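K.L.:
Mind looking over this structure? Questions follow.
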Amino acid sequence: MKGLKYISILGASGSIGTQTLDIIRLHPDQFQLTAISIGKNVDMARAIIEEFAPRLVAVADADAYDQLRSEYAGKVKIVYGEDGLTEAAVFPETNIVVTAVVGSVGLVPTLRAIEAGKTIALANKETLVTAGHIVTAAAKKHGVSLLPVDSEHSAIFQCLQGEKKKNVEKIILTASGGSFRDKTREELKNVTVEEALRHPNWSMGAKITIDSATMMNKGLEVIEAHWLFGLPYEQIDVLLHRESIIHSLVQFRDTSIIAQLGMPDMHVPIQYALTYPERLPLIKAKPLDLAEISALHFQRVDFDRYRCLRLAYEAGKVGGSLPTVLNAANEEAVAAFLQGRIAFLAIEEYIERALERHKLVKEPSLEEIREIDAETRQYVRSLL
């Protein structure tokens, strides 16, 4: 790798954010942290400032802003709110922005970073789900790379290196099946939040873990893959693979299949996005020992069992504003489940109701997307 890479992390206190800090920590001669956003976690902001000395820290609200500004005035620029998040994304010294915030809040800062010519290490799938047509067009216009951080999209990206798109028959995203993969729909009626948060393979944030249990996470990844790789939904498959060792596969028109394998560890795709097209040693990751694993299992997806995945495919194929509704309704329903306000299976019911009532906008503008997002959230809240 030539020269130091300067990193902004949007969502530094989350799972992807903290693991990105691990990578920077492992390779101080390759990476320097320039800016972060960190929500309301003032204690962690202090720790990051002391260790990495970023130039700018964005927090969620005025209280956190006041606390940090009083302590670090003259040393670190402290900002807050939506404008602060965007300021972290477009920080002048930064050349790579890791978008690790959860939800549609990442959309506008990502677009502004693209317009500023930053390379995007994309971990915020909602950005492409809600506004894929706008984001990909902006990236093309400004000559900006969208480098996937999700393990599945990183795997596809790696499998496609040196290959021609015309030779791709289909891409296959693997799915663990989540916390409830061995339960029937009848058994899902009374599951608890605590049970849903026990993912068998991955350590992730609460929202993503619930999305994994409903398989909406995989549905969002299908829509994201459509935009990242420019393939129709008919060429995007999902395969249940309980071990999470094969992270995804590409099948070519000569029937050859190339897969990317590794232990379930998000440090690997994060580092690849930061170092691409080079690779660095990663002592924090455990190498895969296939003899130790001994067996891998695969299963076709039952779309009646995983209704959220079916809804995502349907919304993606219709396109327009429907994926925005899908994402907004899901975020609100998952939040309600995590708060103990609705049952697990009600998540998919609320999403379906929101989709059914929506009047499609074929090519929504950014402003229309934000309006539809807000209106959908209000509708789901009204159902509660």
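K.L.:
Give the long-range amide H neighbours of F31: residues separated by 5 or more places, or on another chain, with amide H under 5 Å away, using H modelled in the peptide plane at 1.01 Å from N.
P.N.:
Here the answer is K5, since their amide H atoms fall under 5 Å of that of F31.
K.L.:
I would also like to ask the following. Based solely on its DSSP helices, what 222 nm [θ] is calculated for the chain when runs of n ≥ 4 H residues each add -39,500 (n - 2.57) and the sum is averaged over all residues, nearest 500 deg cm²/dmol?
P.N.:
Computed mean residue ellipticity for the chain: -14000 deg cm²/dmol.
K.L.:
Go ahead and set up a Gaussian network model of the chain, Cα springs under 10 Å, then flag whichever of S145, S212, S154 fluctuates most.
P.N.:
Among S145, S212, S154, the largest GNM mean-square fluctuation belongs to S145.
K.L.:
Give me the number: length gained by fully extending D182 to D61, i.e. 0.36 nm times residue separation minus the C-alpha to C-alpha distance, one decimal in nm.
P.N.:
Fully extending the segment from D182 to D61 adds 39.4 nm.
K.L.:
Follow-up. If you build a Gaussian network model of the chain, linking Cα atoms that sit under 10 Å apart, which residue out of R307, R198, R279 swings the most?
P.N.:
Largest GNM mean-square fluctuation: R279.
K.L.:
Over all distinct alpha-carbon pairs, what is the Kirkwood Rh of the chain in angstrom?
P.N.:
Taking every pair of different Cα atoms in the chain, averaging 1/r and inverting gives 21.3 Å.
K.L.:
Counting only residues 5 or more places away or on other chains, whose amide H sits under 5 Å from the amide H of V301 once H atoms are built in the peptide plane?
P.N.:
HN-HN under 5 Å from V301: L240.
K.L.:
Continuing with the same structure: Is segment 153-318 rounded, prolate or oblate when judged by the Cα gyration tensor, a ≥ b ≥ c being the square roots of its eigenvalues, rounded requiring a/c under 1.5 and prolate requiring a/b larger than b/c?
P.N.:
It comes out oblate by the Cα gyration axes.
K.L.:
Picking from A291, A88, A121, which is most flexible by a Gaussian network model of the chain using Cα springs under 10 Å?
P.N.:
Between A291, A88, A121, it is A291 that shows the largest mean-square fluctuation.
Any read-out appearing in this document is the output of simple, stated calculations on the displayed coordinates, not a laboratory observation. Model, not experiment: these values are computed from the prediction.
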